[in-house]
1. Got the A:Glu42 label distances to the other copies yet, label 7 Å along Cα→Cβ, in nm, shortest first?
2. How far apart, in nm, are two points set 7 Å out from the Cα along the Cα-to-Cβ line at A:Glu175 and at B:Asp105?
3. For the range A:171-232, go through all pairs of different Cα atoms, get the mean of 1/r, take its inverse, and jot down that Kirkwood value in Å.
4. Tell me, rounded to the nearest percent, the portion of alpha carbon pairs in the range A:53-199 spaced more than 18 Å apart.
5. Once Rh is set to the Kirkwood radius over Cα pairs, what Stokes-Einstein translational diffusion coefficient, in µm²/s, holds for the range B:83-144 at a temperature of 20 °C and a viscosity of 1.002 mPa s?
6. Within 10 Å of each Cβ of A:127-137, how many other protein chain Cβ atoms are there on average?
7. Taking 31 Å as the cut-off for C-alpha to C-alpha distance, list the pairs among A:Lys69/A:Lys122; B:Lys69/B:Lys112; A:Lys112/B:Lys122; A:Lys112/B:Lys69; A:Lys69/B:Lys69 that go past it.
8. Output, in nm with one decimal and in ascending order, the distances from the A:Val117 label point to the matching label points of the other copies (7 Å from Cα along Cα-to-Cβ).
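Quick note: the coordinates plus some simple rules give every number you see, no bench work behind them. Quick caveat, the model's predicted, so the values are computed rather than measured. Reconstructed Cβ throughout: ideal geometry from the backbone, glycine too, with neighbour counts over all protein chains shown.
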There are 2 protein chains.
Amino acid sequence: MLQWRTETPSPREAVTRPIVTQLSPTSLKGLLEGLGIAVRFERDSEIFAEDDDAEYIYRVVRGAVRLSKLMSDGRRQIGAFFLPGDVFGLEAENRYAFSAESIGDTEILLVKRNVLVAEAVKDPTMARQLWTETVDHLRQAQGHMLLLGRKNAQERVAAFLMEMADRLHSAGSVELPMSRQDIADYLGLTIETVSRTLTQLERDGVIGIPASRRIVLRNRPALEIMNDRLAA
Amino acid sequence: MLQWRTETPSPREAVTRPIVTQLSPTSLKGLLEGLGIAVRFERDSEIFAEDDDAEYIYRVVRGAVRLSKLMSDGRRQIGAFFLPGDVFGLEAENRYAFSAESIGDTEILLVKRNVLVAEAVKDPTMARQLWTETVDHLRQAQGHMLLLGRKNAQERVAAFLMEMADRLHSAGSVELPMSRQDIADYLGLTIETVSRTLTQLERDGVIGIPASRRIVLRNRPALEIMNDRLAA
DNA sequence: CGATTAATTGACAAAACTCAATACGAGTGG
DNA sequence: CCACTCGTATTGAGTTTTGTCAATTAATCG
């Protein structure tokens, strides 16, 4: 019923196989309520690959997912991170344009796309939800374009930290689920530039870095200002 | 009924007012068939502004539109160009996140969003079309992110030329509707870098530039190669 | 034809990248 | 508990690309 790929470890990271842990025919929340099954993915598993048939729509329960695309020479762009509660897999009409991989150990809810589509034909509310969710993704993508197009390294990193703090509902400090390489590929920078920029922000007293993946936001207004040049 | 802003000429370009020319209750094609009215916009008119209520959905009939966002210090990112046949204004739930301006003299079809939404409630086909169209935009945005994130100037310009050639159905040569500044802001480069890159491509015999807005694609495979590093 | 805007070109500066070395941290085995 | 290893992150030195500022040329519009 579910069919998993065994192929294509990415150049950067080995890809392992997911583990189906439970069927959840009833007790699911939100958009996929009552329809999905839960699947657990080990760190760096491929959830779907570029050019796969877009058979499922997904929701993160626990962990995190990166949506990425690889160029032939190994450059990688991460288009989005998905965190608990986020729905993804909508960005496809027939085939996925990016691949999706679990970042840490991750639990995902998945629903057959055609189940939702069939539902949407009967139920305008479901149709509306699918559309709205897609519009949200589009807006996020546009925000990300802004960041990638015209912002310097400091602005990118500041924007990233604020985004993560918001989306992880962090008070004061963020526990990042992803590596520096993931961050770099999300921000269109190199890992070295990300690292240097974080160090500089720490020297400036704007953030603290008690552990490499834990960031304390010491001066949020300063981050906002770096970032606000972003908005109109 | 229609209400037009008089405010905020952009720092870069003056914004003028549109001219309503005709009502077209019946003879429209495609997604907005039978529902829209046609409006003509002079060069550099504002079609909608950031944070406007998202009251309409649009379709380009003639001319071209840029979707852009301005930072407080004047940096501008163009998120998309819309060409004849393209639908836009979908990227909003309640308010537009970017502003839209006509590039040349442009004719636009517009339909009240709530007319379409009402239609979609009754007609799953319309609902599906709205969703599909939005997914298309999302995919385009993701493609654009790839370009902005990890590609050098030559790759960006090559990708841009190919995109325009495709979308304008050009055989061999493209007539660009937009300025070098627009191209630069779309590609996340400066106008100088765009200019130099075009000149270099011309020196290399890959393109010809008989007039600054007319580009002859002399060696399409070469452009494809510059570009293919983009795809996976 | 003259004026105004758009585009190109040049010289130099700055930001980010590359390559290389080092440090850190988690996990493993002696 | 310590030492070793492996993956991850940081730091440094030097290069490359793109951006900035300024001047020039080309195109467009009265």
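1. From this label point to the equivalent ones elsewhere in the assembly: 6.7 nm.
2. Result for the modelled spin labels: 6.3 nm.
3. 12.3 Å
4. 61 percent
5. Approximately 163 µm²/s, per Stokes-Einstein.
6. Taking all residues of A:127-137 together, the mean is 6.
7. Pairs exceeding 31 Å: A:Lys69/A:Lys122; A:Lys112/B:Lys69.
8. 2.5
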